[in-house]
Amino acid sequence: MSYPSMADASGRTLGAEELDAVARVLRSGMLSSVWGTEVRALEREMADRHGVSHAVAASSGTAALHLAVAAVAPDPGDEIITSPISDFGTVAPILAQNAVPVFADVDPYTGNLDPAAVAAAIGPRTRAILAVHLFGAAADLRAVAHTAGVPLIEDCAQAWLTRYPDGQLVGTAGAIGCFSLQQWKHITCGDGGLTITDDPVLARRMRLFADKGWPRDEARRHVSLGLNYRMTELAGAVARAQLAKLPGVLADRRRAARRLHAALAGLPGVHLPADVDAHAWWLFPIVLDPPLTNRQVAGKLAAAGVPARAGYLDQPLHHAPALTEAPVYGTSRFPLTVPPADRLPRYGPGAFPVAERLIDQSLLVIDWNERYTDAHVDEIARAVRAAVGA
Ligand SMILES: Cc1ncc(COP(=O)(O)O)c(C=O)c1O
């Protein structure tokens, strides 16, 4: 059986609406969002969908995260606490703003930051907590951030329309929520990003940072450091059509996930995400108890034709050579050379054993898609049951 894939039209919701959107922009002759209307409309629609006052578009999810990190304004050498299990796009903007990524260990079943570990990592130089809602499950760091009095940035790249247990949408709980529209996400315009916030000061800083520090409504002068992270009108128009389809994408992913969840519930040694209807099901993660191992089970699933992988990453982010050994700027490792505020190990093997165990031994991810039929899900269920010896 072949599975719908996000790598081609079989597993994407790209259709007549996106074709019309691209044609509309091309016909207008205006492809830049500085003077066009599409990206501004996308921002309004994104803010409205989340019930917040501001959204700022960017050229990628990484760029969106960079806007957020720049907006919370760390001093060089300040620390931002984040997860060792994420895309490197979560970490790169911290370094790019001359701040230090500080990791904390994760929950053994969700892979999301463990609030107690985050609380223990908070120090005098902590400037923000950057929570990652991994695979579409909420990482609830609202209380920790509130108690510590530091801004919470939410990386919702994998968690479109995920909800916290009390029903709040992720991305709306902290200072800034960041989203990705990259090819493999729930909705896509190839590459793109969005930030949301209720804070007009943060919104303005992000807009300036995305556009060379240039306040377009005032004058041709540059009031703060900024790059060019603008989304194009072509991408924005496609993203608008995709955003309109988001509730349907979520409903379909949840419907399929509910079926697999029911089929696998109670299997010995197999842990499933807790709340099917709050989860966004970017991937379908499964955590295995020994003696089951992720590599062995993923191998059997791959042999059965099921698109599944062991570990999600090849190594947790705190093992990345970009942090452990490579220069950051020129030959310098600044800001990583700023001494730690406490004695917690920052990087390298052994620093965060729960995250390491997930990647190396227990975490298995199955590609997920809104186009999966009951037959796809039933075949995955059969393959998983066989692979774990049920
Ligand atoms: C959790 C997470 N954060 C950040 C990113 C970076 O987004 P982008 O690839 O759009 O730059 C991604 C996806 O790639 C992601 O999954």
With the full set of protein chains in place, find how many percent of the accessible area of segment 1-134 is carbon and sulfur; take the probe as 1.4 Å. 57 percent
Send over a whole-number figure in Å² for the accessible area per residue of the chain, probe 1.4 Å. 40 Å²
Here the net charge surrounding His186, from other residues whose Cβ is less than 12 Å away from its Cβ (Lys, Arg +1; Asp, Glu -1), is +3
Whole-Hz ³J(HN,Hα) from phi, Karplus 6.51 cos²θ - 1.76 cosθ + 1.60, for segment 38-49, glycine and proline x: 5, 5, 5, 5, 4, 4, 5, 5, 5, 4, 4, 4
Which three extents, in whole angstrom, do the alpha-carbon atoms of segment 150-217 cover along their principal axes, largest first? 39, 31, 19
Leaving out ligands, DNA and RNA, and with a 1.4 Å probe, what % of the accessible surface on segment 163-281 is carbon or sulfur? 54 percent
Label Asp48 and Asp289 with points 7 Å out from Cα along Cα→Cβ: what is the distance between them in nm? 5.0 nm
Residue-span extension gain [Asp198 to Arg382] - 0.36 nm each, minus C-alpha spacing: 61.7 nm
Give me a comma-separated list of calculated 3J(HN,Hα) values for segment 239-247, in order, Karplus coefficients 6.51, -1.76, 1.60 applied at θ = phi - 60°, integers in Hz, x for any Gly or Pro. 4, 4, 5, 5, 4, 5, 8, 4, x
How many percent of DSSP beta bridges within the chain run antiparallel, rounded to 5? 60 percent
Mind putting together the pair-distance distribution for segment 25-111? All Cα pairs, 5 Å bins, whole percent per bin, short to long. 3, 13, 16, 16, 15, 15, 11, 5, 3, 1, 0
Fluctuation leader among Glu79, Glu45, Glu154 - the chain, Gaussian network, Cα springs under 10 angstrom: Glu45
Can you pull the semi-axes for the chain, root of five times each eigenvalue of the Cα gyration tensor, sorted largest first, whole Å? 33, 28, 17
What figure in square angstrom, to the nearest 10, would you give for the accessible area of Ile187 with a 1.4 Å probe? 0 Å²
Need the list of lysines near Lys245 for cross-linking: C-alpha distance under 29 angstrom, and skip anything on the same chain fewer than eight residues off. Lys185
Stokes-Einstein diffusion coefficient of segment 16-242, Kirkwood radius over Cα pairs, 20 °C, 1.002 mPa s, in µm²/s: 122 µm²/s
Residue-ordered couplings for segment 130-137, obtained by feeding phi - 60° into the Karplus form 6.51 cos²θ - 1.76 cosθ + 1.60 and rounding to whole Hz (Gly and Pro as x), are 10, 7, 10, 8, 5, 6, x, 9
Spacing of the two label points (7 Å from each Cα toward its C-beta) at Lys212 and Trp35, in nm: 1.4 nm
As an exercise, identify the trypsin sites (Lys or Arg not before Pro) in segment 168-239 lying in DSSP coil whose Cβ has no more than 10 other Cβ atoms within 10 Å. Arg220, Arg221
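The values are calculated or read from the model by the stated rules, or taken from the named source; none is laboratory data. Remember, predicted model here, so these are calculated numbers, not experimental data. Counting neighbours? That spans all protein chains shown, and the Cβs are built from the backbone with ideal geometry, glycine included. Calculation scope for accessible area: heavy atoms of the full protein, side chains included, ligands and nucleic acids excluded. Shrake-Rupley method; radii C 1.70, N 1.55, O 1.52, S 1.80 Å.
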